[in-house]
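Structure record follows, encoded as structure tokens.
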Amino acid sequence: MQLLFAFIVLSTITISALLLIMLSKNSRSGKVRNIAIHHDWQYEEFVNFSDDIKVANFGLLNYSQNVIFRHFINGDIDSHRFSFFDCRAIEPSGIHNSSLILYHLNLQAKYENLHACFTPIDSGRPLSDAMQSPIDKNYLARLRQMQKLSCLTPHYAFENHELHANNPSLLEQFLQQHLEESGTDINLSTWILAHPHLHIEISDGMLLAYQPNRLLDEESIIPAINAVSDISNSLNNADILEQ
């Protein structure tokens with residue numbers, strides 16, 4: 001009887017362990033971790049705010065009532081550092097889950113303190129496709145006020161986006177420089193035109209890209225990281241040629 005009881009206990013423990021392993025591999029945590037391992041990138045399940053995130057004053061990250069960063073990947077592509085992570089922001093209007101990609105840029109010194117936002121006027125995505133609840137325009141407007149960003153007059157190269165900046169004249173210089181850049185097939189305008197649903201925020205030499213309330217599935221993570229790498233490299237190259 002004792003042997004039978006011991007066998008049952010050991011079998012139960014073994015089955016439970018196998019189930020946990022299978023669940024871990026099939027969970028979002030397991031899938032994102034495998035992506036990081038495959039590319040020799042660092043992975044963390046949970047992370048806290050870093051000082052550079054706080055200083056950069058990113059709206060979705062700094063002004064939500066409760067923000068949790070999960071499934072955090074740190075790595076580099078072509079010697080440029082980036083991070084990928086999920087962000088859960090709890091707001092009065094609902095819980096917003098978004099996948100964000102952040103790249104560190106090498107900008108001219110005069111642009112290091114530039115804070116600019118490129119916000120789609122129309123997301124082009126039905127509300128039923130939102131993961132929890134949509135982020136409304138009133139909430140985004142409140143974010144811009146808290147960030148102390150001014151709205152620019154409509155720009156011919158960004159007709160489908162609202163532009164905000166802490167220094168509108170400096171943003172105009174920045175845009176003009178990159179729109180004139182002809183050394184590559186990609187500039188900020190053509191890239192945003194090809195990715196019309198993304199919110200782009202540039203602050204303290206970092207570029208943050210995300211689609212509000214949209215989590216990327218595992219098949220979309222690498223293409224998204226590479227896409228944001230393209231525009232980040234283009235911005236860096238344009239600044240190098242200008243110097």
Select from the range 33-74 the residues that are charged (D, E, K, R) and not in a loop (DSSP other than H, G, I, E, B) and list them in ascending order.
ARG33, GLU44, GLU45, ASP51, ASP52, LYS54, ARG70
Which ones in the range 161-179 are touching a helix residue (DSSP H, G or I) at 6+ places or on another chain (Cβ under 8 Å) and not in a helix (DSSP H, G or I)?
HIS161, LEU163, HIS164, ALA165
Among (1) at pLDDT below 90; (2) outside any loop (DSSP other than H, G, I, E, B); (3) under 23 Å from VAL228 (Cβ atoms), which single condition is ALA116 missing?
(1)
Looking for something surrounded by 14 or more Cβ atoms within 10 Å (Cβ to Cβ) and closer than 18 Å to ASN113 by Cβ - is there at least one such residue anywhere in the range 183-201?
yes
I need the full set of residues from the range 178-223 which are of a type in the set (Val, Ile, Thr) and either in contact with a strand residue (DSSP E or B) (Cβ under 6 Å, 6 or more places away or on another chain) or at pLDDT below 90 (or both), in order please.
THR184, ILE186, THR190, ILE192, ILE200, ILE202
Test: ARG33 is of a type in the set (D, E, K, R), crowded, with 16+ Cβ neighbours inside 10 Å and at pLDDT below 90:
no
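The values are calculated or read from the model by the stated rules, or taken from the named source; none is laboratory data. In this text the structure is predicted, and so the values were computed from the model without any measurement. Please note: Cβ atoms are built from the backbone with ideal geometry, for glycine as well, and neighbour counts cover all protein chains shown.
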